[in-house]
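Have a look at the structure below, then the notes.
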Amino acid sequence: MGTVRIATVGAGVMGLSTAVCISQLVPRCSITVISEQFTPETTSDVAAGMLIPPVYPDTPIHKQKQWFKETFDHLFAIANSAEAEDAGVLLVSGWQIFRSIPTEEVPFWADVVLGFRKMTEDELKKFPQHVFGQAFTTLKCEGPAYLPWLEKRLKGSGGLILTRRIEDLWELHQSFDIVVNCSGLGSRQLAGDLKIFPVRGQVLKVQAPWVKHFIRDGSGLTYIYPGISNVTLGGTRQKGDWNLSPDAEISKGILSRCCALEPSLHGACDIREKVGLRPSRPGVRLEKELLAQGSRRLPVVHHYGHGSGGIAMHWGTALEAARLVSECAQALRTPVPKSKL
Amino acid sequence: MRVVVIGAGVIGLSTALCIHERYHSVLQSLDVKVYAERFTPLTNTDVAAGLWQPYLSKPSNPQEARWNQQTFNYLLSHIGSPNAADMGLAPVSGYNLFREAVPDPYWKDVVLGFRKLTPRELDMFPDYSYGWFNTSLILEGRKYLQWLTERLTERGVKFLLRKVESFEEVARGDADVIINCTGVWAGALQPDPLLQPGRGQIIKVDAPWMKHFIITHDPERGIYKSPYIIPGIQAVTLGGIFQLGNWSETNNIQDHNTIWEGCCRLEPTLKDAKIVSECTGFRPVRPQVRLEREQLHVGSSNTEVIHNYGHGGYGLTIHWGCALEVAKIFGKILEERNLLRMPTSHL
């Protein structure tokens, strides 16, 4: 077999980063990213992109830490390079605050982020409703800039991009040798996976350039994330809710909760509402599957289900997905013995 | 009681406000006017990046340390008010970088969360091997002066565009007490060999991804002569120029290059940042702040002058503590003249 033809379904952060990783890892292959939606219409474009990872109950902690560290290191290098602005990556410091002492005062990712420590009494005075806090410096990776940056890198290495809605992975069998499924919630249909469900998140993107720190309530429900050209205020976690239209009452609630943490936000203006559906799953699905239909075979690498930790984990899981693709490609290149003896 | 404040930079306006706040209700009548040749945006305060940070070494006058701390605490008490951003005030965190280990600064417990930099943080700055991280405050000169002007105007304080040639001229016409906040130009009213301009030049750029201040230090070259990057509310200030005795008000191309190269080396992400403006200012450098009372004999009456100038590169950092001190001296003058309706013991 000469060139291995690889199709990646989905052009959110998973699809694009996996395609880039594959182009770096797998020799003699062609990569085509096929998606219905592209930036700025993907879920990755709504996410604030803060590198504060969630915990996946079904994934071993050491694996999560590895994925997070690989993502952090990858973005840290970009943040300190001349490409930071183009790639939409920046360093942000701030505080995660709790209304009651958390069971885990030091999370698994404490030594991956920079300068992690407990907040001092003086620092906590700013948040009279909260009794405990963590101060650290982490990264923010913004979809609307990062996705085009990934696309550019992909095209630079010869990758192709196609706009098309895929209803069934077998549609790709004719033209491709390996399919990488990064379709997020689309996997309910494309992979028949009922374990994946939306967790609706509504956010506000506002102008408040004087806010230089992130503030996150430990519950994860209220947060203020300053970015390059706006501040993301959030949020909600609505399980099983597929509604993509913003809700005005919810927006009022978000603004009110965030102003309680940071009163200067009363002066925020140019408020825009956004909704994203987190592709949630008890664990990330990162595995090979050989689809079979009669005599047809289609190797698939599944890479989806990151819930609220997509940006935070993307590069680590993309590297692993690329390794799985590489295994598939090697298997395709290895001649099958003709005799069964 | 007629007070004339000469100077409309941060020192003049904050002192005027402090005095009016404290004495307006305890005096039969208090008339405060501000005379200045330059108002915002043409003052030196407007050029300052506005980061609260004193010099690293202990001041020769220990009161200055106390005034710095009072200013920080005063500003911090406004954080949490919805108007903080209108004042030009916001918390900001960042890095102080050194080429070798140095002792902690005397103000380490004034700022928030002071700590040493970790090795991974230092990896971001290959030219430096030691440093601090802390949370401090930005008080943007221009915004703050606008805010002070609004507060003073609400209180009926008048502003006059006027070049004052002498204290006597002001004493003769209008004032019982003169507050001298003329900054780097104080020498024109009364020679002061201890006062010198510390010329600074800064470049303001659009770099909204910069959320931290980065201040480098080179003990051999001296304060402010090493690159610094300080994000403001809208733009980011790049600097690193300090020239004692230089009165040139125009931007200098070599200084521009020094700043640009130094800051881009420190922070490569800046290389494509758009330049918004470039300006020059004069830090009113003095071995210590001149904050003291002086009596003028003009004709048959005594006019009090309270000097409040010479705040070097830490005017915004120290301004409120000095304003409080001037207010204290002013209170003493009122007591001496039996002008107070109520005792000042509560101050």
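Going by the structure shown, is A:G316 in contact with a helix residue (DSSP H, G or I) (Cβ under 7 Å, 6 or more places away or on another chain), within 30 Å of B:D86 (Cβ to Cβ) and either of a type in the set (S, T, Y) or in contact (Cβ under 8 Å) with a residue 12 or more places away in the chain (or both)? In short, no.
What pairs come up if the first residue lies in region A:111-131 and is more than 9 Å from chain B (Cβ to nearest Cβ) and at negative phi, the second is among the hydroxyl-bearing types (S, T, Y) and exposed (fewer than 15 other Cβ atoms within 10 Å of the Cβ), and their beta carbons are under 7 Å apart, counting only those six or more places apart or on different chains? Note: pairs meeting the criteria are A:V131/A:S100. Here A:G94 meets each of (1) part of a helix (DSSP H, G or I); (2) within 14 Å of another protein chain (Cβ to nearest Cβ); (3) touching a residue at least 60 places away in the same chain (Cβ under 8 Å); (4) touching a strand residue (DSSP E or B) at 6+ places or on another chain (Cβ under 9 Å) with one exception, condition (1).
Looking across region A:232-257 at every residue that is in contact with a helix residue (DSSP H, G or I) (Cβ under 8 Å, 6 or more places away or on another chain) and more than 15 Å from A:R200 (Cβ to Cβ), the one that is surrounded by the most Cβ atoms within 10 Å (Cβ to Cβ) is identified as A:L233. Scanning region A:258-289 for residues that are within 14 Å of chain B (Cβ to nearest Cβ) and crowded, with 22+ Cβ neighbours inside 10 Å gives A:C258, A:E262, A:S264, A:L265, A:A268.
Selection of region A:139-178 for residues being touching a Ser or Thr at 6+ places or on another chain (Cβ under 8 Å) and assigned to a strand (DSSP E or B) yields A:L160, A:I161, A:L162, A:T163. Against the test of being within 14 Å of chain A (Cβ to nearest Cβ), surrounded by 18 or more Cβ atoms within 10 Å (Cβ to Cβ) and in contact (Cβ under 8 Å) with a residue 12 or more places away in the chain, the options B:N68, B:N96 yield a single qualifying residue, B:N96.
Of the set (1) surrounded by 23 or more Cβ atoms within 10 Å (Cβ to Cβ); (2) within 14 Å of chain A (Cβ to nearest Cβ), all apply to B:H78 but (1). Filtered by the rule that a residue be touching a helix residue (DSSP H, G or I) at 6+ places or on another chain (Cβ under 6 Å) and modelled with pLDDT of 95 or more, region B:60-88 gives B:W67, B:N68, B:Q70, B:T71, B:Y74, B:H78, B:M87, B:G88. Summed over region A:39-98, residues that are within 19 Å of A:C182 (Cβ to Cβ), touching a helix residue (DSSP H, G or I) at 6+ places or on another chain (Cβ under 6 Å) and among the aliphatic types (A, V, I, L, M) total 1.
B:W147 satisfies every condition listed in (1) on the phi > 0 side of the Ramachandran plot; (2) away from every other protein chain (no Cβ under 11 Å) except (1).
The values are calculated or read from the model by the stated rules, or taken from the named source; none is laboratory data. Keep in mind the model is a prediction, meaning the values are calculated, not measured. Here the Cβ is made from the backbone with ideal geometry for all residues, glycine too, and neighbour counts use every protein chain on show.
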